[in-house]
Structures are given as structure tokens and as C-alpha cells.
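**Student:** Attaching a single structure in C-alpha cells format; questions to follow.
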Amino acid sequence: MSDITKCFALSDNNKCNALNVKKCKGNDKCHFFKTKEQSITERNAAYARISAMPYGRQQYIADTYYAGKFVWKEALANDR
């Protein structure tokens, strides 16, 4: 059982930033629970997959979700 205070989505007032719920249900009942470290690792894996895509597809993702910015390139460069 993991410590709920380590959840990546827990706000300062104990609300969940990942789900639309009024109160955190606790890590043993929540399928979204992961530590901040797990969240960063999973995000970087997704960014690596995007970075490996053809440029045109990356441009589409950047335009659609990130206001035209290639945020994964900067994030991956900062983690090295």
C-alpha cells in the first residue's frame, strides 16, 4: 500500500487533480494513483514515442494539443 500523500494528482487541499471528484478516495481504491516519479517516467515514455514519430505527425500533435510547441523535445532534453 502506497502513501496517498505521494500521489501525483493530490492537490494541497487534498483534492484530486486527475479526476472530477470532491475528495480523494485513497490509493487503495483509486486506479489513477501513481507517484510523482511514476508520472514523470510515464510522461517521458510518451514523449519519447512522440519524438520518434515522423515530423508531420509531431507537428500535428504540437498544433492540436500544445499550441504549436514541441514540449516533448524540451522535456526530454532537460531530463538528460
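The values are calculated or read from the model by the stated rules, or taken from the named source; none is laboratory data. Computed from a predicted model, the values in this text were never measured in an experiment. Note that we place each Cβ from the backbone using ideal geometry, even for glycine, and neighbour counts take in every protein chain shown. Accessible surface areas use protein heavy atoms only, side chains included; no ligands, DNA or RNA. Shrake-Rupley method; radii C 1.70, N 1.55, O 1.52, S 1.80 Å.
**Student:** I'd like to check one number: the per residue accessible area of the chain, probe 1.4 Å, reported in Å² as a whole number.
**Tutor:** Per residue, the chain has an accessible area of 79 Å².
**Student:** Percent of Cα-Cα pairs more than 11 Å apart in the range 23-65, please.
**Tutor:** 72 percent
**Student:** Taking the full set of protein chains and a 1.4 angstrom probe, give the accessible area of residue 41 in square angstrom, rounded to the nearest 10.
**Tutor:** 90 Å²
**Student:** Counting only residues 5 or more places away or on other chains, whose amide H sits under 5 Å from the amide H of residue 34 once H atoms are built in the peptide plane?
**Tutor:** Answer set, sorted by chain and number: 8, 9.
**Student:** Just the number, please: carbon plus sulfur as a percent of the accessible area of the chain, 1.4 Å probe, no ligands or DNA/RNA counted.
**Tutor:** C and S atoms contribute 51 percent here.
**Student:** Calculate for the chain the 222 nm mean residue ellipticity that helices alone would give, adding -39,500 (n - 2.57) per DSSP H run of length 4 or more and normalising by residue count, nearest 500 deg cm²/dmol.
**Tutor:** Helices in the chain give a 222 nm mean residue ellipticity of -13500 deg cm²/dmol.
**Student:** Here are some pairs, 36/73; 25/73; 15/69; 23/69; which of them have Cα atoms lying more than 31 Å apart in this structure?
**Tutor:** From the list (36/73; 25/73; 15/69; 23/69), the Cα-Cα distance tops 31 Å for 25/73; 23/69.
**Student:** Another question about this same structure. With charges set only on the Cβ (+1 for Lys and Arg, -1 for Asp and Glu), what does the dipole of the chain come to about its Cα centre, in debye to the nearest 20?
**Tutor:** 200 debye
**Student:** Now a separate question. Taking K and R as +1 and D and E as -1, what net charge do the other residues with C-beta under 15 Å from the C-beta of residue 23 add up to?
**Tutor:** Neighbourhood net charge equals +2.
**Student:** Now a separate question. Can you bin every Cα-Cα distance in the chain into 10 Å intervals starting at zero and give me the percent of pairs per bin, rounded to whole numbers?
**Tutor:** Over the chain, the share of Cα pairs per 10 Å bin runs 17, 36, 28, 18, 1 percent.
**Student:** Could you order 60, 55, 66 by accessible surface area, starting with the largest, using a probe radius of 1.4 Å?
**Tutor:** Reading off the accessible areas and sorting them downward yields 55, 60, 66.
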